[in-house]
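Enquirer: Please see the structure below; I have some questions.
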Amino acid sequence: MENKFDIKSSTIEKGLEIAKSFVDKLVMPTVEETGLLMKDHMTMWRFKNQIKMLNKAQEYCVKHQISPKKISLKVLAPLLEYSSLEEEEEMQDKWSILLTNLIDSEQNIENHVFPYILSQLSKDEFFPLEQVFANCTSRRYNLSFELEKFKKEKISNEKEIQERIQVIQKEIEEFKKNEDKSWNTEIWKLESKKRELEREIRNLEYQEHKIKYSISRAELIPEDLFREFENSNLIRLGLVKEIREFYAESQTLEIPISKDDGYGYSSDYANVDLQIDMESTTEFVLTQLGELFFKACAEKH
């Protein structure tokens with residue numbers, strides 16, 4: 001006996017109508033406006049997004065006189081795939097800029113993970129973190145300018161200090177040739193001045209090191225800039241890193257005075273109970289990958 005399935009066309013049409021109605025609530029324009037089936041409608045909508053993104057990328061290339069180079073299909077394919085699903089106008093611009101930088105023959109940017117990262121970010125995550133990167137870039141630019149200025153001044157300052165040290169050293173040597181011990185006080189004063197000048201040179205080295213450290217340090221993300229789940233996503237993508245520092249507060253400790261043990265000897269130890277209260281602070285910073293990513297998503301200047 002054969003099994004037969006009798007599915008009425010009205011049942012199929014009703015199910016299709018419900019699905020079409022649901023899709024219309026999710027995307028624009030509606031299925032009825034295009035006259036296409038759901039699959040065709042979604043394909044056309046994604047295709048239009050791709051065309052829009054590619055046209056913008058072409059405009060950026062012309063604007064910045066970029067000579068396009070060929071890139072790996074491993075990079076291009078996911079970029080076209082992910083960008084086709086982007087609905088936000090501002091984020092579509094970022095896809096175009098990313099593609100422009102990837103095909104720029106003057107830049108050495110070809111990272112297949114960047115399209116994936118961009119596809120995983122909402123605009124509420126992207127743009128605040130992009131501003132953090134902008135602050136980082138501005139800070140490093142200003143500090144680099146300050147460092148170059150400081151290094152030039154440091155050369156002349158060190159030269160002047162070294163000359164003063166040499167003069168003092170000659171005076172010390174002249175005093176030492178004199179057998180009269182009464183000059184010892186003067187020698188001590190000169191050596192004291194010499195140590196001060198040498199300390200000035202060390203301070204110049206320290207200041208230069210301090211500026212260099214300020215340039216290289218990771219950019220701190222303002223507290224409460226992101227919600228907890230957004231921080232988790234940014235950490236997952238490697239754009240943000242969590243840094244936790246532990247510290248303990250100092251407390252005064254009273255140690256008993258040693259007493260006679262009854263045999264004429266005093267004890268030289270005491271039993272002391274120590275309690276250490278550890279606390280920690282958590283900070284979030286932009287990672288090196290995060291800096292490279294936002295640089296790749298920034299319009300060329």
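The values are calculated or read from the model by the stated rules, or taken from the named source; none is laboratory data. Note that this is a predicted model, so its numbers are computed, not measured. All Cβ positions, even for glycine, are placed from backbone atoms using ideal geometry, and neighbour counts span all protein chains on display. Each accessible area value is taken on the protein alone, full model and side chains, heavy atoms only, with ligands, DNA and RNA left out. Shrake-Rupley method; radii C 1.70, N 1.55, O 1.52, S 1.80 Å.
Enquirer: For the cross-link pairs 56/210; 212/295; 152/295; 176/212; 94/149; 123/152, which exceed 32 Å when the distance is taken from alpha carbon to alpha carbon? Display every interim value, and only then the final one.
Expert: Working: 56/210 43 Å; 212/295 21 Å; 152/295 30 Å; 176/212 42 Å; 94/149 36 Å; 123/152 43 Å.
Beyond 32 Å: 56/210; 176/212; 94/149; 123/152.
Enquirer: Which value, in Å² rounded to 10, gives the accessible area of residue 85 with a 1.4 Å probe and all protein chains present?
Expert: About 90 Å², rounded to the nearest 10.
Enquirer: Still on this structure: Is segment 148-205 rounded, prolate or oblate when judged by the Cα gyration tensor, a ≥ b ≥ c being the square roots of its eigenvalues, rounded requiring a/c under 1.5 and prolate requiring a/b larger than b/c? Provide the component values of the computation, followed by the final result.
Expert: Numbers: a/c = 5.97, a/b = 2.87, b/c = 2.08.
Prolate is the answer for segment 148-205, as a/c is 1.5 or above and a/b outweighs b/c.
Enquirer: Also: Starting from the amide H of residue 240, placed 1.01 Å from N in the peptide plane, find each other amide H under 5 Å away whose residue is 5 or more places distant or on another chain.
Expert: Under 5 Å from the amide H of residue 240: 235, 287.
Enquirer: Roughly what would the spin-label model give for residue 92 and residue 177, points 7 Å off Cα along C-beta, in nm?
Expert: It works out to 8.7 nm between the two label points.
Enquirer: Continuing with the same structure: Given a Förster distance of 51 Å, report the FRET efficiency between residue 295 and residue 185 from their Cβ-Cβ distance, rounded to the nearest 0.05.
Expert: On the way: r = 62 Å, r/R0 = 1.22.
That gives a FRET efficiency of 0.25.
Enquirer: If you don't mind, there's one more thing I want to ask. Considering only DSSP states other than H, G, I, E and B, which GluC sites (Glu not before Pro) in segment 77-156 qualify as loop sites with at most 14 other Cβ atoms within 10 Å? Display every interim value, and only then the final one.
Expert: Working: sites: 81, 86, 87, 88, 89, 90, 106, 110, 125, 130, 146, 148, 153; in loops: 86, 87, 88, 106, 110.
The qualifying sites are 87, 88, 106.
Enquirer: Report ³J(HN,Hα) in whole Hz for each residue of segment 184-189, in order, from the Karplus equation J = 6.51 cos²θ - 1.76 cosθ + 1.60 where θ = phi - 60°; Gly and Pro get x.
Expert: Rounded to whole hertz, the list is 4, 5, 5, 4, 4, 5.
Enquirer: In addition: Once you sort the root eigenvalues of the Cα gyration tensor of segment 47-107 as a ≥ b ≥ c, which label holds: rounded (a/c under 1.5), prolate (a/b larger than b/c) or oblate (the other case)?
Expert: Details: a/c = 2.17, a/b = 1.32, b/c = 1.64.
It comes out oblate by the Cα gyration axes.
Enquirer: Mark the label point 7 Å from the Cα of residue 148 along Cα→Cβ and return the residues of segment 101-123 whose backbone N is within less than 18 Å of it.
Expert: none
Enquirer: Might you tell me the accessible area per residue for segment 111-232, computed with a 1.4 Å probe and given in Å²? Present the calculation step by step, with values, prior to reporting the outcome.
Expert: On the way: 8590 Å² over 122 residues.
Each residue of segment 111-232 exposes 70 Å² on average to a 1.4 Å probe.
Enquirer: What's the extension gain from residue 227 to residue 209 if we count 0.36 nm per residue and subtract their Cα-Cα distance? Walk me through the numbers on the way to the answer.
Expert: Details: separation 18, 0.36 × 18 = 6.48 nm, distance 3.56 nm.
Gain on extension, residue 227 to residue 209, equals 2.9 nm.
Enquirer: Using a cut-off of 14 Å between beta-carbons, work out the net charge of the residues near residue 171 (Lys and Arg +1, Asp and Glu -1, residue 171 not included). Each step should come with its number before you reach the end.
Expert: On the way: positive: 164, 170, 176, 177, 189, 193, 194; negative: 163, 173, 174, 186, 191.
Net of charged neighbours comes to +2.
Enquirer: Let me ask something else. Which GluC sites (Glu not before Pro) from segment 159-244 combine a DSSP loop assignment with at most 14 other Cβ atoms within 10 Å? Provide the component values of the computation, followed by the final result.
Expert: Details: sites: 160, 163, 171, 173, 174, 179, 186, 191, 196, 198, 200, 205, 208, 219, 223, 228, 230, 242; in loops: 179, 219, 223.
Passing both the DSSP loop test and the Cβ count: 179, 223.
Enquirer: Please report how far the C-alpha centroid of segment 184-206 lies from that of segment 52-94, rounded to the nearest whole angstrom.
Expert: 62 Å
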